[in-house]
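Below: the structure, in structure tokens.
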DNA sequence: AACCAGGACGTGA
DNA sequence: TCACGTCATGGT
């Protein structure tokens, strides 16, 4: 087992299954943002796939709690309803997603994505196609592929950079695709593992990588695999 | 009260 | 290519 696999094992042992990507579900108490640990079958409907795509756009450089509010508002104006969303004016989208920030840009991104999504006809998009859409960068594209379409495309975010730079396994200045490739070369392509790994990285980062003075406290630094001579 | 959050795009050099 | 500036709300 290489360092990247050992770290995955360790994180999974620490935090358990994360149940990403969370979905909005209507319950008696109201609209709830629900995680679904160990259920790797989700998403099962086009509507759930679409909602994940919306969340992926809305969460760009934004805390998830703010995205939940935006998704809740979108739900109430029927913008998460595949039969109705195209007809909604962009200004109404803007009002709804305001809590998630960057609402002018993100409303445009949603409209751009919609134009693409509804001509897809339920096929699986390629990474290149997603990247060609205005507003969809590498991380958003990979999130959509991995969590909405169950394609084994590893997601790299700022937390991934932070943690693995601190562990000495990558260099800070590496480009997105470089880092993505390193992970994909070290970890056998598996949708469930890729989904869990990224979610675990985010969970772990929230414990040790919010502020710089905590980086040194990361228990992963003590893993034997990270001793100088065993780093590959 | 700065600082950050599950980034991406536009610009000038 | 690359380093910056911009986009925006809400919690700590």
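The table that follows gives values for the structure above.
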item	result
Inter-centroid distance (Cα atoms) of segment A:92-138 relative to segment A:14-40, Å	23
Rg(Cα)/(2.2 N^0.38 Å) for chain A, N = residue count	1.05
Chain A: angle of helix A:191-208 to the longest principal axis, Cα-based, in degrees nearest 10	80
0 to 90° range, to nearest 10: angle between helix A:176-186 axis and chain A longest Cα axis	60
Whole-angstrom gap from segment A:52-68 to segment A:200-227, using each part's C-alpha centre	24
For segment A:101-232, alpha-carbon Rg over 2.2 N^0.38 Å	1.20
Residue-averaged [θ]222 nm for chain A, counting only DSSP H segments that reach four residues, each worth -39500 (n - 2.57)	-15000 deg cm²/dmol
Tilt relative to chain A, helix A:64-76 - C-alpha long axis, 0 to 90 degrees, to 10	20
Volume of the Cα convex hull of segment A:41-148, divided per residue and given in Å³	93
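Computed from the coordinates by the stated procedures, all read-outs in this text should not be read as laboratory data. Everything numeric here is computed off the predicted structure, so don't read it as measured data.
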